[in-house]
Amino acid sequence: MSNDEDVYQEHVLDHYEDPYHRGQCEHATHAHEERNPLCGDIIEIQAAIDPSGKLAELFFDGDGCCISQASASMLVERLDGKTIDEVKNFSARDMLDLFGARLTPNRQKCCLLSWRALQAAIHSPLVEGDESASSSQPSGPALNEES
């Protein structure tokens, strides 16, 4: 294994073991949950979007493999405080580049799960008083549409 791969693995484990903004967003205005039917991974993204279109708060929660959970932490850390336009312009390729480590196509789906959830969340406002609103909203890009 090369030194670069060692660094990527260490970075992934750091995010898995000590994730950034894992938990519930106290003032969430938007949320969406994505599931990977191939492996069972789940990621929920919750965001508080202010009137100017900025992600004032961004959190994730979920269950799954190290790749899905670490990539969610990386994504939330990268896009916390950004605008909706910046989120929309953050592509699947950007997400894979952010993750860094080379992944097989099936493992790329694990990495892109949080990206798909965030892309859907920004279009999924919560209905006041309805915590389950995110699950009834349209899904993000299909698993075969990421790249």
Using the number of other C-beta atoms within 10 angstrom as an exposure proxy, rank D97, D41, D80 with the fewest first.
D97, D80, D41
Treat the count of other C-beta atoms within 10 Å as a stand-in for reagent exposure and order H32, H15, H21, H123 from fewest to most.
H123, H21, H15, H32
Enumerate the lysines that K109 could reach by cross-link, defined here as Cα to Cα under 21 Å, with residues fewer than 8 away along the same chain left out.
K88
The range 56-61 - phi-based ³J(HN,Hα) in whole Hz, Karplus 6.51/-1.76/1.60, Gly and Pro as x:
5, 9, 9, 9, 9, 8
Karplus (6.51, -1.76, 1.60) ³J(HN,Hα), θ = phi - 60°, over the range 15-21, in Hz, Gly and Pro reported as x
5, 6, 7, 9, x, 8, 6
Can you sort L58, L79 by how many other beta carbons sit within 10 Å, fewest first?
L79, L58
Whole-Å distance, taken between Cα centres, linking the range 15-35 and the range 55-87:
7
May I ask you to evaluate 6.51 cos²θ - 1.76 cosθ + 1.60, the Karplus curve with θ = phi - 60°, for each residue of the range 111-122 and list the ³J(HN,Hα) values in order in whole Hz, giving x for glycine and proline?
5, 8, 4, 5, 4, 4, 5, 5, 4, 6, 4, 5
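Taken together, the values in this text are just the output of simple stated rules run on the coordinates, not laboratory data. Remember, predicted model here, so these are calculated numbers, not experimental data. Reconstructed Cβ throughout: ideal geometry from the backbone, glycine too, with neighbour counts over all protein chains shown.
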